[in-house]
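Below is one structure, written out as structure tokens; the observations come after it.
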Amino acid sequence: MTGMIYIGDEVLERRLPALTAGQKNFVLTDSNVYALYPEFFGKYFADTEIFVLPAGEEYKNFQSLYEILSAITKAGLHRTSRLFAVGGGVVGDIGGLAAALYMRGISCVQIPTTLLAQVDSSVGGKTAVDLGGVKNVVGAFYQPREVLIAPMFLKTLPAREIKCGLGEIVKYAALSGEIFDILETRDGALTDLRFLMTLIEACVRHKARVVEADEKETGERKSLNVGHTTGHAIELSSGLSHGECVLYGTWLETKAAIGAGICERDYGERLLRILKRALLEAPASPFDFSKLADCLDKAKSDKKNTDDGKIKTAVAKAKNEWTSFALPFDEYVTAIVKASEGL
Ligand SMILES: NC(=O)c1ccc[n+]([C@@H]2O[C@H](COP(=O)([O-])OP(=O)(O)OC[C@H]3O[C@@H](n4cnc5c(N)ncnc54)[C@H](O)[C@@H]3O)[C@@H](O)[C@H]2O)c1
Ligand SMILES: [Zn+2]
């Protein structure tokens, strides 16, 4: 269901010649990746139409989707054509959606180039654009045919983007005992890229297993939203990056869950120690916590978390166990603001 996932720098040479042969294709990338990897594009996509989206979340919108679909139509792609999404989560999300829509679905190959995209967003088939200030509100479940994860792309990643990937990795620590143990016993820096690369496989394996069990997010896949209800609210109000906000969100929601007796205290405090280390090493851009209560209002707009007027989050309960945690909006705000006191 998740499509084939290949990890390792050699997968580009192993898979791309076969995947690009025999039909018209289309590449979506962003301006940073295109400028950084001329040899890669020249080698595998010399004769292919390449659409270069300006870099940044603000371009993950309807206008870009319209322009991409117009370019695909103009290039005359067929049902058998493929779209290659080469970039971070923004390119992956919008490229996947364009592939889902063109001729009711053409083959999509994800080639993630950020740590966040390699450990998380390229796998699982969630595609989307933002609209009207609401993140990911228009989208589709559309599985890529293949995901080619080449860690060599990460060498050019700015430090801030490494921290963003760490945000999603720490989310996996809240769900997978295996990743929790690796992070808890780690002596060196959690932001060390060579160390983080060794976690790609475990994160992808965890995500693929969850998606196989629950592709359309009616049950277990909801666990992958750990830290995201609060994280998205902070992201929309602050302009901080997704991964940074997930780090804050996971901290705040875990602390609130411990306070409410939902998360086992001993385990929860160990998880908070990992999160604290990640936050200290990867200080997210300054966020004014005095504005936290106001920005949590955005949690109401997130389609996944509102249920009977309650705000819903997924939280770690114990090692390898999660649960959903729903609170009336006012109580949610009180719990999260109280949790922020330790930051
Ligand atoms: N579909 C999913 O399941 C899922 C999961 C998590 C996040 N997301 C989405 O992913 C997006 C965030 O992804 P992201 O953090 O990758 O953001 P991004 O795509 O904006 O990439 C971050 C920055 O890194 C640059 N970049 C990309 N590859 C690079 C490289 N190899 N070297 C140097 N710079 C590079 C980009 O140009 C951009 O400036 C959000 O829109 C979020 O909603 C989706
Ligand atoms: Zn995320």
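The values are calculated or read from the model by the stated rules, or taken from the named source; none is laboratory data. Just so it is clear, the structure is predicted and the values come from calculations on it, not from any experiment. Using ideal geometry, Cβ is built from the backbone for each residue, glycine included, and neighbour counts are taken over all protein chains shown. Side chains included, ligands, DNA and RNA excluded: accessible areas come from the protein's heavy atoms. Shrake-Rupley method; radii C 1.70, N 1.55, O 1.52, S 1.80 Å.
Return the only residue of 185, 254 being among the hydroxyl-bearing types (Ser, Thr, Tyr), more than 13 Å from ligand 2 (Cβ to nearest atom) and surrounded by fewer than 17 Cβ atoms within 10 Å (Cβ to Cβ). Quick ask: steps written out before the conclusion?
On the way: 254 fails: surrounded by fewer than 17 Cβ atoms within 10 Å (Cβ to Cβ).
One residue alone meets the criteria, 185.
When you scan region 80-150 for strands (runs of 3 or more DSSP E) that lie fully inside it, which ones turn up with 1 or more residues that are assigned by TED's automatic domain parsing to the domain that holds residue 168 and within 27 Å of residue 199 (Cα to Cα)?
none
Any residue in region 58-73 that's in the same structural domain as residue 102 (by TED's automatic domain parsing): show its pairings with residues that are open to solvent by 80 Å² or more (accessible area, probe 1.4 Å) and within 14 Å of ligand 1 (Cβ to nearest atom) at Cβ separation under 8 Å, as long as the two are six or more apart or on different chains.
Within 8 Å, the pairs are 61/131; 62/131.
Quick check: is even one residue across region 159-176 away from ligand 2 (no atom under 16 Å from the Cβ), open to solvent by less than 20 Å² (accessible area, probe 1.4 Å), closer than 24 Å to residue 31 by Cβ and touching an Asp or Glu at 6+ places or on another chain (Cβ under 8 Å)?
Within region 159-176 (the criterion being away from ligand 2 (no atom under 16 Å from the Cβ), open to solvent by less than 20 Å² (accessible area, probe 1.4 Å), closer than 24 Å to residue 31 by Cβ and touching an Asp or Glu at 6+ places or on another chain (Cβ under 8 Å)), the answer is no, since none of the residues qualifies.
What about residue 243, is it without any contact (Cβ under 8 Å) to a residue 60 or more places away in the chain, within 13 Å of ligand 1 (Cβ to nearest atom) and under 27 Å from residue 151 (Cα atoms)? Show your work before the answer.
On the way: without any contact (Cβ under 8 Å) to a residue 60 or more places away in the chain: no; within 13 Å of ligand 1 (Cβ to nearest atom): yes; under 27 Å from residue 151 (Cα atoms): yes.
Here the answer is no, as residue 243 does not meet what is asked.
Do you know which of the residues in region 146-169 that are among the charged types (D, E, K, R) and within 18 Å of residue 8 (Cβ to Cβ) is farthest from ligand 1 (Cβ to nearest atom)? Give the steps one after another, and end with the answer.
The first filter runs over region 146-169 and keeps only residues among the charged types (D, E, K, R), leaving 146, 155, 160-161, 163, 168.
Next, from what is left, pick out any that are within 18 Å of residue 8 (Cβ to Cβ): 146, 155.
Numbers: 146: 16, 155: 7 Å.
Ranking the candidates gives 146 first.
Does residue 257 fit the bill of being more than 11 Å from residue 336 (Cβ to Cβ) and either free of Cβ contacts under 8 Å to residues at least 40 places away in the same chain or part of a helix (DSSP H, G or I) (or both)?
For residue 257, the condition - more than 11 Å from residue 336 (Cβ to Cβ) and either free of Cβ contacts under 8 Å to residues at least 40 places away in the same chain or part of a helix (DSSP H, G or I) (or both) - is not met.
From (1) of a type in the set (Phe, Trp, Tyr); (2) crowded, with 17+ Cβ neighbours inside 10 Å; (3) out of contact with any helix residue (DSSP H, G or I) (no Cβ under 9 Å at 6 or more places or on another chain), pick out the condition that doesn't hold for residue 26.
Result: residue 26 fails condition (3) only.
Here is a list: 77, 115. Which entry is modelled with pLDDT of 95 or more, more than 10 Å from ligand 1 (Cβ to nearest atom) and not polar (S, T, N, Q)?
Result of the check over 77, 115: 77.
A quick yes/no check of all residues on (1) away from ligand 2 (no atom under 16 Å from the Cβ); (2) open to solvent by 20 Å² or more (accessible area, probe 1.4 Å); (3) over 22 Å from residue 35 (Cβ atoms):
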residue	(1), (2), (3)
59	yes, yes, no
73	yes, yes, yes
102	yes, yes, yes
107	yes, yes, yes
111	yes, no, no
115	no, no, no
123	no, no, yes
126	no, yes, yes
135	no, yes, yes
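State the number of residues belonging to region 88-112 that are aromatic (Phe, Trp, Tyr) and within 9 Å of ligand 1 (Cβ to nearest atom).
Final tally of qualifying residues: 0.
Look through 254, 218, 185 and report the one residue that is in contact with a strand residue (DSSP E or B) (Cβ under 8 Å, 6 or more places away or on another chain) and not assigned by TED's automatic domain parsing to the domain that holds residue 142.
After applying the criteria, what remains is 254.
Give region 37-65 a look and list any residue that's part of a helix (DSSP H, G or I), within 15 Å of ligand 1 (Cβ to nearest atom) and over 24 Å from residue 239 (Cβ atoms), or say none.
Scanning region 37-65 gives 38, 39, 40, 41.
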